[in-house]
1. On the given criteria, is residue 13 surrounded by 14 or more Cβ atoms within 10 Å (Cβ to Cβ), of a type outside the set (Lys, Arg) and within 13 Å of ligand 2 (Cβ to nearest atom)?
2. Going residue by residue through the stretch 21-41, is there one that turns out to be open to solvent by 30 Å² or more (accessible area, probe 1.4 Å), part of a helix (DSSP H, G or I), of a type outside the set (Val, Ile, Thr) and within 16 Å of ligand 2 (Cβ to nearest atom)?
3. Any residue in the stretch 46-69 that's over 19 Å from residue 96 (Cα atoms): show its pairings with residues that are open to solvent by 30 Å² or more (accessible area, probe 1.4 Å) at Cβ separation under 7 Å, as long as the two are six or more apart or on different chains.
4. So if I check each of 50, 45, 35, which one is more than 10 Å from ligand 1 (Cβ to nearest atom) and in contact with a strand residue (DSSP E or B) (Cβ under 6 Å, 6 or more places away or on another chain)?
5. Do we find that residue 68 is crowded, with 16+ Cβ neighbours inside 10 Å and small (Gly, Ala, Ser) in this structure?
6. Scanning the stretch 48-65 for residues that are among the hydrophobic types (A, V, I, L, M, F, W, C) and open to solvent by 10 Å² or more (accessible area, probe 1.4 Å), which turns out nearest to residue 95 (Cα to Cα)?
7. Which residue is surrounded by the fewest Cβ atoms within 10 Å (Cβ to Cβ), if the candidates are limited to the stretch 71-98 and must be without any contact (Cβ under 8 Å) to a residue 40 or more places away in the chain and part of a helix (DSSP H, G or I)?
8. Take the residues in the stretch 74-88 that are more than 10 Å from ligand 1 (Cβ to nearest atom) and aliphatic (A, V, I, L, M), then tell me which one is farthest from residue 7 (Cα to Cα).
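The values are calculated or read from the model by the stated rules, or taken from the named source; none is laboratory data. If you're wondering where the values come from, they're calculated on a predicted model, not measured in any experiment. Here the Cβ positions follow ideal geometry from the backbone for every residue, glycine too, while neighbour counts run over all protein chains shown. What goes into the accessible areas is simple: the full protein's heavy atoms, side chains included, and nothing from ligands, DNA or RNA. Shrake-Rupley method; radii C 1.70, N 1.55, O 1.52, S 1.80 Å.
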Amino acid sequence: MDNCVFCKIIDGSIPSKKVYEDDKMLAFYDIEPAAPVHVVMIPKAHIKSADELDEQSSLYVAHIFSKAGEIARSVGIKNGYRIVNNCGADGGQTVFHMHFHLLGGKTLGKMG
Ligand code: 5GP
Ligand code: ZN
């Protein structure tokens, strides 16, 4: 989709440090890490946010979660991690291509 940063990362017109890719998803390091290890996992479909998911597009979410553990281990995360989805403006979402933050590399504090 035009003017979507994450679609541009998928098509390669914006460079990224990729950690995992297949036909349905891409994972890359966040440009502004919020934890020692911070990977962003995105579907290869322009779904605006988790709020617009339906039965069909939810399959992307299932796929991303099915790969998260493998991705975490591949970037050296050992003792657990946090997966975060910011949904909508009040949820803290700034890029409107649904994504999941994979955070780890230290003992994370309480959420909120
Ligand atoms: P949100 O705030 O929407 O949940 O998360 C968007 C995330 O995308 C932020 O953590 C931000 O640092 C990251 N981000 C935004 N633009 C880029 C970019 O061009 N490259 C990379 N690697 N990350 C980006
Ligand atoms: Zn997009």
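1. no
2. Checked the stretch 21-41: no residue is open to solvent by 30 Å² or more (accessible area, probe 1.4 Å), part of a helix (DSSP H, G or I), of a type outside the set (Val, Ile, Thr) and within 16 Å of ligand 2 (Cβ to nearest atom).
3. Close Cβ pairs (under 7 Å, with a partner that is open to solvent by 30 Å² or more (accessible area, probe 1.4 Å)) amount to 63/24; 67/20; 68/83.
4. Numbers: 50 fails: in contact with a strand residue (DSSP E or B) (Cβ under 6 Å, 6 or more places away or on another chain); 45 fails: in contact with a strand residue (DSSP E or B) (Cβ under 6 Å, 6 or more places away or on another chain).
Result: 35 is the single residue among 50, 45, 35 that is more than 10 Å from ligand 1 (Cβ to nearest atom) and in contact with a strand residue (DSSP E or B) (Cβ under 6 Å, 6 or more places away or on another chain).
5. Considered against the rule, which asks whether it is crowded, with 16+ Cβ neighbours inside 10 Å and small (Gly, Ala, Ser), residue 68 comes out as yes.
6. The extreme case among them is 50.
7. So, considering only residues that are without any contact (Cβ under 8 Å) to a residue 40 or more places away in the chain and part of a helix (DSSP H, G or I), the one surrounded by the fewest Cβ atoms within 10 Å (Cβ to Cβ) is 73.
8. 77
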